[in-house]
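K.L.:
Please find one structure pasted underneath; my questions will follow.
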Amino acid sequence: MTSSTEYTPPKVWSWTKESGGRFASINRPISGPTHDKGLPVGKHPLQLYSLATPNGVKVTVMLEELLARGHKGAEYDAWLIKIGDGEQFGSGFVAINPNSKIPALMDRSGPKPIRVFESGAILVYLAEKFGAFLPTEAAARAECLSWLFWQMGAAPYLGGGFGHFYAYAPLKIEYAIDRFAMEVKRQMDVLDRRLAESEYLAGDAYTIADMAVWPWYGGLAKGLQYDAAEFLQVHEYTHVIRWADQIAKRPAVQRGRMVNRITGDPASQLHERHDASDFETKTQDKLQAVS
């Protein structure tokens, strides 16, 4: 390992400078709103405020899958939250999610609006609300929830750990990159071994566990995360790649991945979604471009 100037932490840490790297301008050690700004409300009971990061894609895929199954109550408005501009710190958004992270959901279908934040919580909430994509039999339900919460605990090592130090940090720190690359490869091996014995993560059925894991680890397997496919040798994880390809072919997944997307091929972007007809301007060929 190459040496670098040793850093000695002060006795008391203080916020005296930006953290550096991409997203430095929106990182801060305090919570709460930075400005007053309400949120728009559309015509549907479900109001989603999000961006097509892996965490945001989980929820739009779930909503599109519910609609594909005929759950008309899952119609939704998806409003764009530009986290690079700090829109998640507006007073309206913070009122829904005090943690100021996308996605955030308001369910206005009942007499009193219900807020739901954290992507895993939103998936469980919607699965229970519509009785879909979450098994009811005890063992199958436990398996599904175990993989869902595995993702919630594991992905920060992929995103905030490996992704930050490999792709975004202003300095390339060998120790940090090695540490998190090792953990990400271990996680991919966990998934690969599971998917060698099971079609989907929770068993034979496609569930919210797959919807949660696919945007992060399926994206990594297909070279869509951090331009790190060669570095991490993701081709080794053949069962993850099989599973990732299988899910990517689902029309609801293709639609869900487009919603609130503002990067990449313009054909893959639908900045806001307020009705199923919003996809009509996207041809089937363009839909296939996002898989």
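K.L.:
Of everything in the stretch 108-146, what is under 22 Å from Lys72 (Cβ atoms) and part of a helix (DSSP H, G or I)? Give them in sequence order.
P.N.:
Ile122, Leu123, Val124, Tyr125, Leu126, Ala127, Glu128, Lys129, Phe130, listed by residue number.
K.L.:
Since Val61 meets every condition but one in (1) out of contact with any helix residue (DSSP H, G or I) (no Cβ under 8 Å at 6 or more places or on another chain); (2) within 17 Å of Arg257 (Cα to Cα), which condition does it not meet?
P.N.:
Only one criterion in (1) out of contact with any helix residue (DSSP H, G or I) (no Cβ under 8 Å at 6 or more places or on another chain); (2) within 17 Å of Arg257 (Cα to Cα) is unmet by Val61, namely (1).
K.L.:
A follow-up question, please. Only one residue in Arg69, Arg28 is of a type in the set (Lys, Arg), more than 27 Å from Gly264 (Cβ to Cβ), surrounded by fewer than 17 Cβ atoms within 10 Å (Cβ to Cβ) and modelled with pLDDT of 95 or more. Which one? Working first, answer last.
P.N.:
On the way: Arg28 fails: modelled with pLDDT of 95 or more.
Only one candidate passes the filter, namely Arg69.
K.L.:
Conditions first: (1) within 18 Å of the chain's Cα centre (by Cα); (2) buried (at least 21 other Cβ atoms within 10 Å of the Cβ). Phe165 passes all but one, so which condition is the exception?
P.N.:
Of the numbered conditions (1) within 18 Å of the chain's Cα centre (by Cα); (2) buried (at least 21 other Cβ atoms within 10 Å of the Cβ), the odd one out for Phe165 is (1).
K.L.:
For the stretch 49-93, what are the residues that are farther than 22 Å from Val124 by Cβ and among the basic types (Lys, Arg)?
P.N.:
Matches in the stretch 49-93: Lys82 only.
K.L.:
Can you pull out every residue in the stretch 215-249 that is part of a loop (DSSP other than H, G, I, E, B) and not aliphatic (A, V, I, L, M)?
P.N.:
Matches in the stretch 215-249: Lys222, Gly223, Gln225, Tyr226, Asp227, Gln233, Tyr237, Lys249.
K.L.:
Would you confirm whether or not the stretch 10-25 contains a residue that is modelled with pLDDT of 90 or more, farther than 30 Å from Leu270 by Cα and among the basic types (Lys, Arg)?
P.N.:
Scanning the stretch 10-25, I find at least one residue that is modelled with pLDDT of 90 or more, farther than 30 Å from Leu270 by Cα and among the basic types (Lys, Arg), so the answer is yes.
K.L.:
Just give me the residues in the stretch 35-58 being crowded, with 16+ Cβ neighbours inside 10 Å and either without any contact (Cβ under 8 Å) to a residue 40 or more places away in the chain or in a loop (DSSP other than H, G, I, E, B) (or both), in sequence order.
P.N.:
Residues satisfying the conditions are Leu39, Gly42, His44, Pro45, Leu51, Ala52, Thr53.
K.L.:
Can you tell me which condition Asp85 does not meet? The list is (1) of a type outside the set (S, T, N, Q); (2) surrounded by 12 or more Cβ atoms within 10 Å (Cβ to Cβ); (3) under 22 Å from the mean Cα position of the chain (by Cα); (4) on the phi < 0 side of the Ramachandran plot, and all the others hold.
P.N.:
All conditions are met except number (2).
K.L.:
Could you tell me whether the stretch 220-241 includes any residue that is within 20 Å of Gly84 (Cβ to Cβ), surrounded by fewer than 18 Cβ atoms within 10 Å (Cβ to Cβ) and modelled with pLDDT of 95 or more?
P.N.:
Checked against the condition, which is being within 20 Å of Gly84 (Cβ to Cβ), surrounded by fewer than 18 Cβ atoms within 10 Å (Cβ to Cβ) and modelled with pLDDT of 95 or more, the stretch 220-241 yields at least one hit.
K.L.:
So which residues in the stretch 188-214 are surrounded by fewer than 23 Cβ atoms within 10 Å (Cβ to Cβ), of a type in the set (D, E, K, R) and in a helix (DSSP H, G or I)?
P.N.:
Asp189, Asp192, Arg193, Arg194, Glu197
The values are calculated or read from the model by the stated rules, or taken from the named source; none is laboratory data. Just so you know, these numbers come straight off a predicted model, no measurement behind them. Don't worry about glycine lacking a Cβ; one is built from the backbone with ideal geometry, like all the others, and counts go over all protein chains shown.
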